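Step one of this worksheet: look at the structure below.
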Amino acid sequence: MKLRIFITCLAAILVTAVRAQDFASRYMTENEGDSTLTCISVSPKMMEEILESNVGRNDTTGVADIIARLKSMQVVFSNEEGDAHFERAESMAVRHSARFREVASYDEDGKDRARIYVREQSGEHIVELVLLRQQEGRFTVIDFTGDMDSGFIDRLTHTMLPVAGGAESASAETPDDALRED
Amino acid sequence: MDYKYIEQLLERYWACETSLDEEAILRAFFRQKDVPAHLLPYKSLFAYADAARADGLGRDFDERILAQVERPTVKARRIPARRRMMPLFKAAAVVTVIVSLGAVGQHMFDRPRPDYDYDAYRDTYTDPQSAYGSVSEALQIVSESFRKSQTHENDSLSAVPAQKTTCKE
């Protein structure tokens, strides 16, 4: 009897300890059959390698400090049906409003609009930052996870980030093109 | 065989007139195996003394009495150290399980608590430089979006007082 109670408690704890999906992964899962969507992933391991690499060590603009607070990045983009994707993503964020809180948005007559959400834990601690953006027919989700707070967002907002040289020389078919503005 | 004498002794016995010797004769007679049928009912009366004499204290009487009176002697047993420590081991195991569950629960509810399945991530880039470029561009887009939202918010706030002025005029 005692063993059964112990196993039940252990199972309950394990169940609650199951890892969750970030917004971008969940969006990809919900639109699994959509071939117009592409996902770029940067894992925590790659983030560490960035900081340990020359570009991270020689950075003088403060980007490295910002990246140091990040755990991962996922970018989901599509060059088709931008408005439909945007509305679908927005409704997904609203469905999970207990998890995601909107902190910023703008809308330029539907041609260029964006929503920024954060997922907070224990007050001001931000574990996930999500940007939904639609520009004409292009749709983008940028999803950062990490150890962030309102000070981080202030720094991010007011830091002039350079465009990396490696991305500029990439061909039109590489994922980096999706992040480049027209 | 003529048992007239025994019958006469019995008559005298019922009248309480028999002597000790005569009673001894009666007891000896009824001690025999072959007693006539008409005298059998009286056998148990004279044989009870012999039966009572057979009852006595058994050889284990002393042991039984002493066992009830005396405290039992405890024989020393050798208990292995492992068996002696077993209750302590059990208690330590229970405490360990409780502390572990508490630590797991506390770890789960403590901040910060990353609970994302990072193992499922498949890196798009194989070199850090390309990844850095992508991350920088993404951060730039987010930064610009924040600034745009602030600009739009400021524009909408600055537009309100102008309308009020118009109304007043």
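The numbers here are math on the coordinates, done by the rules we state, and not lab data. Remember, it's a predicted structure, so these values are computed and weren't measured experimentally. Here Cβ is always computed from backbone atoms with ideal geometry, including for glycine, and neighbour counts include all displayed protein chains.
Odds and ends about this structure:
- Residue within segment A:77-95 that is surrounded by 19 or more Cβ atoms within 10 Å (Cβ to Cβ) and either assigned to a loop (DSSP other than H, G, I, E, B) or within 9 Å of chain B (Cβ to nearest Cβ) (or both) present: no
- Subset of segment A:84-95 (residues that are closer than 22 Å to B:F146 by Cβ and in contact (Cβ under 8 Å) with a residue 12 or more places away in the chain): A:H85, A:F86, A:A89, A:E90, A:M92, A:A93
- Enumeration of residues in segment B:5-23 that are among the aliphatic types (A, V, I, L, M) and surrounded by 12 or more Cβ atoms within 10 Å (Cβ to Cβ): B:I6, B:L9, B:L10
- Among the residues of segment B:36-62, those that are surrounded by 10 or more Cβ atoms within 10 Å (Cβ to Cβ) and under 42 Å from the mean Cα position of the chain (by Cα) comprise B:F61, B:D62.
- Selection from segment A:111-153 of residues that are more than 11 Å from B:V142 (Cβ to Cβ) and within 7 Å of chain B (Cβ to nearest Cβ): A:Q121, A:S122, A:H125, A:V127, A:T145, A:D147
- Residue selection: A:V103 satisfies the criterion of being assigned to a strand (DSSP E or B) and hydrophobic (A, V, I, L, M, F, W, C).
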